[in-house]
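Asks: I'd like to ask you about the structure that follows.
The values are calculated or read from the model by the stated rules, or taken from the named source; none is laboratory data. Quick caveat: nothing in here was measured; it's all calculated off a predicted structure. Cβ coordinates were reconstructed from backbone atoms using ideal geometry, including for glycine residues, and neighbour counts include every protein chain displayed. When the accessible area is computed, the model is the full protein with side chains, heavy atoms only, and any ligands, DNA or RNA have been set aside. Shrake-Rupley method; radii C 1.70, N 1.55, O 1.52, S 1.80 Å.
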Amino acid sequence: MSKVVVVGANHAGTCAINTITGFNEGDEVVVFDQNSNISFLGCGMALWIGGQISKPDGLFYSNKEKLESQGAKVNMNSKVERIDFDKKFVYATLENGQKVEESYDKLILATGSLPIVPQIPGKDLENVQLVKLFQNAEEVIKKLENPEIKTIAVVGAGYIGVELAEAFERHNKKVIVVDIAKTSLSSYYDPEFSALMDKNLSDHGIKLAFGETVKEIKGNGKVEAIVTDKNEYQCDMVILAIGFRPNTELGKDYLETMSNGAYIVDETQQTSKKDVYAIGDCATVLFNSTGEKSYIALATNAVRSGIIAAYNACGKKLETIGVQGSNAISIYDLKLVSTGLSEQKAKQLGMDVLSTSFEDLQKATFIETTNPKVKIKIVYDAKTRVILGAQMASTYDMSMGIHMFSLAIQEKVTIDKLKLLDIFFLPHFNQPYNYITMAALSAK
């Protein structure tokens with residue numbers, strides 16, 4: 001029996017706690033978290049803000065009482081001030097102001113990530129908002145009731161920025177999306193796919209200010225305009241959705257980190273310090289498309305890392321099999337899914353890659369009901385022909401197809417193996433010559 005201290009009860013931390021207590025082997029689990037709530041599903045935040053779901057209750061799947069009923073001791077609203085990694089002590093301030101020293105045998109760091117805030121004039125004006133925590137979303141929703149909030153500028157055209165743009169437009173607000181990149185979703189998709197999303201946003205009245213860098217937010221006490229290197233836009237609220245950085249202040253001087261500050265972990269989630277594990281958004285992952293450690297902040301990665309760390313902290317060997325960074329988005333019913341590397345990203349990394357694309361109807365041509373087109377692109381190594389990435393787009397829900405490509409990358413399947421893959425045919429579902437098959441057959 002050992003004592004495990006978990007710093008952070010986010011998705012990764014909660015998963016680790018559930019796993020350890022699930023073993024029922026008597027391990028003592030002590031948890032510290034700075035927040036007042038546990039397990040908020042930020043991926044559903046835009047649905048709540050946009051009124052597509054009526055209340056946030058379903059965005060939580062755990063709480064202090066549930067974790068404590070499983071045997072963990074949970075300290076909420078409690079800040080860990082420092083950690084003595086040599087003597088194995090955590091020093092924290094509890095909600096009531098009490099200072100505590102907590103010893104540990106094993107330590108799991110699940111400190112997550114923090115929003116990136118640009119150091120520009122006006123960033124502290126009223127109605128400049130961040131969107132990460134439940135409290136952030138709650139504040140934004142309350143402010144949307146103010147009739148004076150008519151135009152909203154969203155800084156950042158990644159997943160969160162694009163989702164929020166749709167949410168605000170659903171409230172009949174004028175929306176401007178600003179990004180230094182020339183397209184939306186540039187980190188996940190090649191230009192021919194991100195262009196579909198750009199058109200989708202424009203068609204719904206959202207103004208795109210791409211290829212522009214924010215220099216200043218203007219206002220007398222509260223937001224009045226946002227200034228870029230090319231234009232000035234009048235607005236009443238600014239949403240900063242630029243991205244996130246790993247929250248590693250507690251261990252940055254003691255544990256090995258990568259260039260962006262994320263804790264470098266091995267296949268068991270152990271950091272450079274024995275008995276100290278890092279999980280979720282504060283840690284690296286093994287990215288199978290490159291074979292190298294990388295930083296990919298996704299809830300799915302957080303959950304898997306939490307399971308792995310919990311096993312190893314309890315003396316049960318379990319190693320990661322790596323990740324592909326599989327992800328998806330659905331905006332105004334346009335669905336984009338991807339896994340692994342885009343062709344653009346692979347070439348930026350200096351990799352020698354080729355790609356093959358195909359577009360066709362999802363179902364047999366004689367189907368008389370709704371039958372949307374599906375666009376697919378597969379990226380593969382020019383020499384080994386091993387699949388490195390895939391992207392798909394449609395108004396049809398073809399999302400499950402990307403899981404096959406995720407597995408293909410993990411298992412180093414070649415593009416040629418897909419040419420004669422046994423894919424069933426039934427008119428209700430697909431075509432006799434499936435677009436996956438046709439893309440593979442079209443490969444150079």
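Asks: With viscosity set to 1.306 mPa s and temperature to 10 °C, compute the Stokes-Einstein D of segment 1-127, Rh being the Kirkwood radius across alpha carbon pairs; µm²/s, no decimals.
Replies: Details: Rh = 16.3 Å.
Answer from the Stokes-Einstein relation: 98 µm²/s.
Asks: Amide H to amide H under 5 Å from Ser184: which residues, 5+ apart in sequence or cross-chain, H placed 1.01 Å off N in plane?
Replies: Amide H to amide H, under 5 Å and 5 or more residues apart or across chains, Ser184 pairs with Asp198.
Asks: Counting only residues 5 or more places away or on other chains, whose amide H sits under 5 Å from the amide H of Asp360 once H atoms are built in the peptide plane?
Replies: Amide H neighbours of Asp360, under 5 Å, 5+ apart: Val374.
Asks: How much of the DSSP beta bridge set in segment 117-240 is antiparallel, as a percent to the nearest 5?
Replies: Counting DSSP beta bridges with both partners in segment 117-240, the antiparallel share is about 30 percent.
Asks: Next question. I'd like the FRET efficiency for Lys150 and Ile120, computed as 1/(1 + (r/R0)^6) with the beta carbon distance as r and R0 of 22 Å, rounded to 0.05.
Replies: 0.45
Asks: Using a simple spin-label model with points 7 Å from Cα along the Cα→Cβ vector, what separation in nm is obtained for Ala299 and Phe23?
Replies: 2.7 nm
Asks: A further question on this structure: Which value, in Å², gives the accessible area per residue of the chain when a 1.4 Å probe is used on the protein heavy atoms?
Replies: Here the per-residue accessible area is 46 Å².
Asks: Can you pull a Stokes-Einstein diffusion coefficient for the chain at 10 °C (1.306 mPa s), Rh from Kirkwood over Cα pairs, as a whole number of µm²/s?
Replies: In µm²/s, the coefficient rounds to 67.
Asks: Then there is this: Hey, how many Å between the Cα centroid of segment 288-310 and the Cα centroid of segment 340-380?
Replies: About 25 Å separates the Cα centre of segment 288-310 from the one of segment 340-380.
Asks: A further question on this structure: How big is D, in µm² s⁻¹, for segment 117-240 by Stokes-Einstein at 25 °C and 0.890 mPa s if Rh is the Kirkwood radius over C-alpha pairs?
Replies: On the way: Rh = 14.5 Å.
For these conditions, the coefficient is 170 µm²/s.
Asks: Further, regarding this structure: Keeping the other protein chains in place, figure out the carbon and sulfur percent of the accessible area of the chain, with a 1.4 Å probe.
Replies: The value for the chain is 50 percent carbon and sulfur by accessible area.
Asks: Testing the spin-label approximation: label points 7 Å from Cα along Cα→Cβ at Ser442 and Gln135. State their distance in nm.
Replies: For the pair Ser442/Gln135, the computed spacing is 5.0 nm.
Asks: List, in the order given, every pair from Lys347/Lys373; Lys79/Lys252; Lys182/Lys347; Lys132/Lys252; Lys106/Lys274 whose Cα-Cα distance in the structure shown is over 19 Å.
Replies: Going by Cα-Cα distance, Lys347/Lys373; Lys132/Lys252 fall outside the 19 Å limit.
Asks: Reachable aspartates and glutamates from Lys215, Cα under 16 Å, same-chain residues fewer than 8 places away excluded?
Replies: Straight-line reach from Lys215, under 16 Å: Asp124, Asp179, Glu224, Asp229, Glu232.
Asks: Using label points projected 7 Å from each Cα along Cα→Cβ, tell me how many nm separate Asp253 and Glu224, to one decimal.
Replies: 4.4 nm
Asks: As an exercise, use a Förster radius of 35 Å and the Cβ-Cβ distance of His204 and Glu267 to find the FRET efficiency, rounded to the nearest 0.05.
Replies: According to the calculation, E is roughly 0.20.
Asks: Can you pull the percent of Cα pairs in segment 327-442 with separation above 18 Å?
Replies: 49 percent
Asks: Spelling out what I want: for every residue of segment 79-84, take phi, set θ = phi - 60°, compute 6.51 cos²θ - 1.76 cosθ + 1.60 (Karplus), and round to whole Hz; glycine and proline get x.
Replies: These are the phi-based 3J(HN,Hα) values: 9, 7, 7, 7, 10, 9 Hz.
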